[in-house]
Amino acid sequence: MRSLFRSVLLTSVLLGACSSGPKYKIDDALLADVPPSDKAQMLQIQSELNQASEEKNKAQSDAAIADKELSVAEAEYDKAKADVNMAKAERDLAESTKDLNKIASAKSNLEQKQLAKDVSDAKIDFAKARRSHTRALFDSAEQRIVALQARYEQSKAQLAAAKGKKPTADFSVSTFDEQAATAQRKADDAKMTADKRQLEATQAQGKYNQLFQKLQMMMGTQPQPGMQPQPGMQPQPGMQPQYPAQPTR
């Protein structure tokens, strides 16, 4: 039920980030008789819009994956917590026997289980930070699309003015310039937020991997299922690289 609620919430957050686009628009039909050679800037912006749309879809997919990764990390933590309780019970039993060898072994096992719990806790923090980053990337891509749409309308307004066309009685290129500038500021702010979330996720990953390596040194064994160091996410076209690559599973 908790996973279902989180999935519904994720969908609501992502859909809620969507925008209807620029307020001021110019009908493409107004420029239908303008030669394609005069529309080079418009075509370039359309190409950037296609790329931005792909980035948004990728960010949405990554956000859904990150949400599921958090569910897995929480399940691993529940198991690690139960293991600690079991190890405490085994230590208490060993102490009741007064056998120093059994007591030492039980205490060593408890110490290992407690560290494994700390690793699982850090993994949850990393999963949350990674989810936050992917959501910020989605919002950044969405705002970039709105900014490009505003630039597209700005380009049309500039071309209309250059060709002596007047779509409305109160038509003014400055209105479209201001609209594009406002949209770009929002896109810049969204990107700054995504960059901040990226740093937070990288720091959380570093803490997790540090604890994981400490656990492996204590165990003196190969990584166990559910306790692998986290690999980095693949960079997305046109977006900041995400996390530094770590040893693969």
Quiz item: If you take the residues in segment 93-131 that are under 44 Å from the mean Cα position of the chain (by Cα) and hydroxyl-bearing (Ser, Thr, Tyr), which one is nearest to MET217 (Cα to Cα)?
Solution: SER108
Quiz item: Is it the case that segment 191-209 has a residue that's touching a residue at least 12 places away in the same chain (Cβ under 8 Å), in a helix (DSSP H, G or I) and closer than 24 Å to ASP28 by Cβ?
Solution: no
Quiz item: When segment 25-36 is examined, which residues are found to be surrounded by 11 or more Cβ atoms within 10 Å (Cβ to Cβ) and farther than 19 Å from THR175 by Cα?
Solution: VAL34
Exercise. Scan segment 53-77 for residues that are polar (S, T, N, Q) and in contact with a Ser or Thr (Cβ under 6 Å, 6 or more places away or on another chain) and jot them down.
Key: SER71
Practice problem: Please list, ordered by first then second residue, the pairs with beta carbon atoms under 6 Å, 6 or more apart or interchain, first in segment 55-66 and more than 13 Å from HIS133 (Cβ to Cβ), second among the small types (Gly, Ala, Ser) and at pLDDT below 95. | Solution: GLU55/GLY238
Quiz prompt | Unique residue being without any contact (Cβ under 8 Å) to a residue 24 or more places away in the chain, small (Gly, Ala, Ser) and either over 30 Å from LYS165 (Cα atoms) or not in a loop (DSSP other than H, G, I, E, B) (or both) when the list is ALA73, ALA106, ALA87 | solution = ALA106
Practice problem: For LYS123, state whether it is surrounded by fewer than 20 Cβ atoms within 10 Å (Cβ to Cβ) and over 30 Å from ALA180 (Cα atoms). | Solution: no
Exercise. Take segment 124-163 and flag every residue that is farther than 16 Å from LEU199 by Cα and of a type in the set (D, E, K, R).
Key: ASP139, GLU142, ARG144, ARG151, GLU153, LYS156, LYS163
Exercise. Mind listing just one residue for me: the one in segment 173-187 that is surrounded by 17 or more Cβ atoms within 10 Å (Cβ to Cβ) and among the small types (Gly, Ala, Ser) and, of those, farthest from the chain's Cα centre (by Cα)?
Key: ALA180
Quiz prompt | Members of segment 157-172 found to be under 13 Å from ASP33 (Cα atoms) and either surrounded by 14 or more Cβ atoms within 10 Å (Cβ to Cβ) or not small (Gly, Ala, Ser) (or both), listed by number | solution = LEU159, ALA160, LYS163, LYS165
Quiz item: From the set of residues in segment 67-112 that are more than 30 Å from ALA129 (Cα to Cα) and of a type in the set (Val, Ile, Thr), which is surrounded by the most Cβ atoms within 10 Å (Cβ to Cβ)?
Solution: ILE103
Exercise. Pick out the one residue from LYS56, LYS39 that is at pLDDT 95 or above, surrounded by 12 or more Cβ atoms within 10 Å (Cβ to Cβ) and among the basic types (Lys, Arg).
Key: LYS56
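The values are calculated or read from the model by the stated rules, or taken from the named source; none is laboratory data. This one's a predicted model, so the numbers in the text were calculated from it and none came from an experiment. Counting neighbours? That spans all protein chains shown, and the Cβs are built from the backbone with ideal geometry, glycine included.
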